[in-house]
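Nothing in this text is a laboratory measurement; each read-out follows from the coordinates by a stated rule. Just so it is clear, the model here is predicted, and its values are computed rather than measured. A quick note on method: Cβ atoms are made from the backbone with ideal geometry, for glycine too, and the neighbour counts reach across all protein chains shown.
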Amino acid sequence: MLTVTFTDLRTALFKLGLSHTPVIAHASLRAFGEVVGGAETLLRATLDSVWALVMPTFTYMTMITPEVGPPNNGIAYGSELDLNRMAEPFKPDMPADKQMGILPEMLRQHARARRTAHPIQSFAGIYADKFLAAQTLQNPLGPIGALAEADGWVLLLGVDHTVNTSIHYAERMAGRKQFTRWALLPDRIIECPGFPGDSAGFEAITPVLINETRRVRVGDAVVQALSLRSLIQAVKDTIQADPLALLCDRPDCERCNAVREAVKLKRVA
Ligand SMILES: [Zn+2]
């Protein structure tokens with residue numbers, strides 16, 4: 001296994017040319033191999049290489065599944081009683097879900113970081129207040145839209161498009177079906193509209209973006225960067241050409257099947 005230093009990371013990320021660009025990043029520290037100084041080093045090198053940094057700090061542990069709700073919502077109502085019992089009310093200082101990786105949580109804890117208040121889909125950022133301010137309960141991925149308007153880019157640090165939240169924003173722009181979810185607050189349960197579909201099929205966008213993607217290798221990892229505008233346009237074109245594009249192959253995937261059902265209904269209508 002290679003050992004990766006701050007200088008290795010800084011040198012590689014510099015080649016991506018993002019020092020004047022606001023960025024939304026997704027990361028797997030483990031993908032790099034042995035990073036000297038760990039997540040703190042990767043965060044510092046990333047902050048040094050971009051203008052503003054945003055990361056999702058989602059908190060799925062707040063989610064509640066009700067007994068009943070709207071139809072074709074990609075959810076099995078009344079099925080998650082045990083999970084409901086383990087749900088935790090959202091608090092502004094709630095750690096990001098572990099499945100987001102360690103970097104978003106490190107960013108959230110950074111002295112200069114701000115974090116939004118969406119109970120499921122919060123974002124943290126540094127020098128990113130105006131992007132974070134674009135989030136509402138109705139438009140949870142608003143910060144991605146604001147980043148796109150400011151010519152922002154997506155940075156995939158050792159991860160692929162299956163964790164690229166910006167593709168969800170583009171799906172919504174393309175008119176793809178969105179979902180309703182529910183989150184626990186300290187005093188009540190709140191309905192959260194605009195919850196996105198499943199991302200397991202998102203790697204299918206890679207060949208479409210081959211010429212738009214900047215790539216560098218660091219340690220064991222590949223780092224990819226691409227502009228949000230090109231990404232969003234490519235996803236919109238892809239879904240327009242095939243309304244079932246970027247869905248996953250898992251026969252029992254509730255959200256992908258709900259999208260298929262919605263497309264079928266639209267064709268009949
Ligand atoms: Zn799926």
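Taking the longest Cα principal axis of the chain as reference, the axis of helix 38-49 is set at about 80 degrees. Magnitude of the charge dipole for the chain, about its Cα centre and with charges confined to Cβ atoms of Lys, Arg (+1) and Asp, Glu (-1), is about 500 debye. Histogrammed with a bin width of 10 Å, the alpha carbon distances of the range 156-231 distribute as 16, 41, 25, 15, 4 percent, first bin at zero.
What size of dipole, in debye to the nearest 20, comes out for the range 17-99 about its Cα centre when the only charges are +1 on Lys and Arg C-beta atoms and -1 on Asp and Glu C-beta atoms?
On the way: 5 positive and 9 negative charges, 29 e Å.
With Lys and Arg at +1 and Asp and Glu at -1, about 140 debye.
With N residues in the range 188-269, what two-decimal value do you get for its Cα radius of gyration over 2.2 N^0.38 Å? Could the numbers behind the result be given before it?
Working: Rg = 16.1 Å, N = 82, 2.2 N^0.38 = 11.7 Å.
The reported ratio for this selection is 1.37.
Tell me which aspartates and glutamates have Cα within less than 13 Å of K177's Cα, excluding those fewer than 8 residues away on the same chain? Within the straight-line limit of under 13 Å, K177 reaches these aspartates and glutamates: D198, E254, E261. Shape descriptor for the range 68-220: Rg over Rh equals 0.96 (Cα atoms; Rh from the Kirkwood inverse mean 1/r). The angle between the Cα long axis of helix 254-268 and the main principal axis of the chain comes to about 60°, on a 0 to 90 degree scale. Scanning the chain for GluC sites (Glu not before Pro) lying in DSSP loops with no more than 15 further Cβ atoms inside 10 Å, the longest uninterrupted stretch between such sites is 68-211. For the chain, build the charge dipole from Cβ charges (+1 Lys, Arg; -1 Asp, Glu) around the Cα centre, then report which of F123, N164, Q135 sits farthest towards its positive end. Value computed over the given set: Q135.
By the rule of a C-alpha distance below 26 Å, with chain neighbours fewer than 8 residues away ignored, the lysines paired with K91 are K130. Between 0 and 90 degrees, the angle of helix 228-241 with respect to the longest Cα principal axis of the chain falls at about 40 degrees.
Using a simple charge model, +1 on the beta-carbon of Lys and Arg, -1 on the beta-carbon of Asp and Glu, nothing else, what dipole does the range 1-153 show about its Cα centre, in debye to the nearest 20?
320
Counting only cysteine Cβ atoms and a cutoff under 4.7 Å, the chain contains unmatched residues C192, C248.
Return the FRET efficiency for the residue pair R217, Q240: r is the Cβ-Cβ distance, R0 is 41 Å, and the value is rounded to the nearest 0.05. Please report the intermediate quantities before stating the final value.
On the way: r = 34 Å, r/R0 = 0.82.
Given R0 = 41 Å and the Cβ-Cβ separation, E is 0.75.
Note on the chain: antiparallel DSSP beta bridges, both residues inside, total approximately 70 percent of the bridges counted. In units of the compact-protein estimate 2.2 N^0.38 Å, the range 190-235 shows a Cα radius of gyration of 1.50.
Kirkwood hydrodynamic radius of the chain from all distinct Cα pairs, in Å? All intermediate terms of the calculation are to be shown ahead of the outcome.
Numbers: mean 1/r = 0.0521 Å⁻¹.
It is 19.2 Å.
For K98, no lysines have a Cα falling under 16 Å of its own Cα, not counting residues fewer than eight places away in the same chain.
Could you calculate, for the range 24-95, the ratio of the Cα radius of gyration to the Kirkwood radius, expressed as Rg to Rh? Please report the intermediate quantities before stating the final value.
On the way: Rg = 18.2 Å, Rh = 15.8 Å.
Looking at the range 24-95, the ratio lands at 1.15.
When exposed loop sites are taken as trypsin sites (Lys or Arg not before Pro) in a DSSP loop with at most 12 other Cβ atoms within 10 Å, the longest stretch of the chain clear of them is 1-111.
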